[in-house]
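The values are calculated or read from the model by the stated rules, or taken from the named source; none is laboratory data. All values derive from a computational prediction rather than experimental measurement. Cβ atoms come from the backbone with ideal geometry, glycine included; neighbour counts cover every protein chain shown.
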Amino acid sequence: MNDPFVCRLEEYRIAAEPFFLPQAKEIDIGLAASANRLPLLLKGPTGCGKTRFMQYLAWRLNSPLITVSCHDDLSTSDLVGRYLVKNNEAFWQDGPLTLAVRAGAICYLDEIVEARKDTTVVIHPLTDDRRQLPVEKLGKLYSAPPEFMLAVSYNPGYQSVLKDLKPSTRQRFVSLSFDYPPPDLEKEIVMREGGIDERLAVQMVKLATMTRSLKESGLAEGASTRLIIQTVKLIGSGIDTVSACRAGMLQSLTDDGELLAAMDEMIFSLF
């Protein structure tokens, strides 16, 4: 464990089994994709379990999970690596994608459509039968070992013409669609993650489901499973239910006064 490369890699290994309840065949498909060295595309709304799925999959595969949160300023060097200077000497620092390829880890690019188009081109040779990563600054071409896996995700609800995956990119992936769980399953998740009783879990899921119905009234996105869990944690810390629902859920969804008033009525109808 004195090898710096190995030590750095161990930071990304998931030791304990993450809690994940499948809705369909996503675990089987994820394992099959890994066995066949195929990249994964996860699509679904915010907070519906995409990242948790990747954590569970990495645990099942006993593989380090290196996650990158993509954004507008993400450069190719941020993914691949760059030269840095220390004590007047230049040294190469692997980026997360190069680290994952060299180590045979999983690289998960979260919200891939947020990254610059010229940046995402670098993943193309890794998503076909070449499974290679060119690092031009080093003059090297890394071949990914069998254990390496590339996964990306995005939220179709926030798609636009300017921020969408090209068909030529999408068709390189095995795709999994995620959505908020059905009420019975979501209740189980909230009870487990939030440490609350069944009665409160049912009410909280019902409130979240009601907010999701407001998408047709102008709400960009309803309350996610993640928002339900953070709200019940506030309740568990002694915050009264109404205040917790407002702070932990509703205020995070919109600033529109009319929508907030409508959701306030939902709270009072339940609590």
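State all residues of segment 115-136 that are modelled with pLDDT of 90 or more and not in a loop (DSSP other than H, G, I, E, B); if no residue qualifies, say none.
Within segment 115-136, Val122, Ile123, His124, Pro125, Leu126, Gln132, Leu133, Pro134, Val135 meet the criteria.
Please specify each residue of segment 228-271 satisfying the condition of being surrounded by 14 or more Cβ atoms within 10 Å (Cβ to Cβ), free of Cβ contacts under 8 Å to residues at least 24 places away in the same chain and over 28 Å from the mean Cα position of the chain (by Cα).
Result: Ile239, Asp264.
Could you list, in sequence order, all residues of segment 153-168 that are small (Gly, Ala, Ser) and either surrounded by 12 or more Cβ atoms within 10 Å (Cβ to Cβ) or at pLDDT below 70 (or both)?
Ser153, Gly157, Ser160
Would you pick out the residues in segment 1-44 that are among the basic types (Lys, Arg) and at pLDDT 90 or above?
Within segment 1-44, Arg13, Lys25, Arg37, Lys43 qualify.
For segment 205-222, which positions are without any contact (Cβ under 8 Å) to a residue 40 or more places away in the chain and among the aliphatic types (A, V, I, L, M)?
Val205 - this is the single residue of segment 205-222 that is without any contact (Cβ under 8 Å) to a residue 40 or more places away in the chain and among the aliphatic types (A, V, I, L, M).
What single numbered condition from (1) outside any helix (DSSP H, G or I); (2) at pLDDT 95 or above fails to hold for Asp179?
(2)
Evaluate the following for Gly47: is it small (Gly, Ala, Ser) and in contact with a strand residue (DSSP E or B) (Cβ under 7 Å, 6 or more places away or on another chain)?
no
Go through the residues of segment 39-61 one by one and say whether even a single one is among the basic types (Lys, Arg), outside the structural domain of Val190 (by TED's automatic domain parsing), more than 22 Å from Gln171 (Cα to Cα) and without any contact (Cβ under 8 Å) to a residue 40 or more places away in the chain.
Within segment 39-61, one or more residues are among the basic types (Lys, Arg), outside the structural domain of Val190 (by TED's automatic domain parsing), more than 22 Å from Gln171 (Cα to Cα) and without any contact (Cβ under 8 Å) to a residue 40 or more places away in the chain.
If you scan segment 194-209, which residues turn out to be modelled with pLDDT under 95 and under 24 Å from Thr254 (Cβ atoms)?
Of everything in segment 194-209, just one residue is modelled with pLDDT under 95 and under 24 Å from Thr254 (Cβ atoms), namely Gly194.
When you check Met210 against the structure, is it buried (at least 20 other Cβ atoms within 10 Å of the Cβ) and part of a helix (DSSP H, G or I), yes or no?
Answer is no for this residue.
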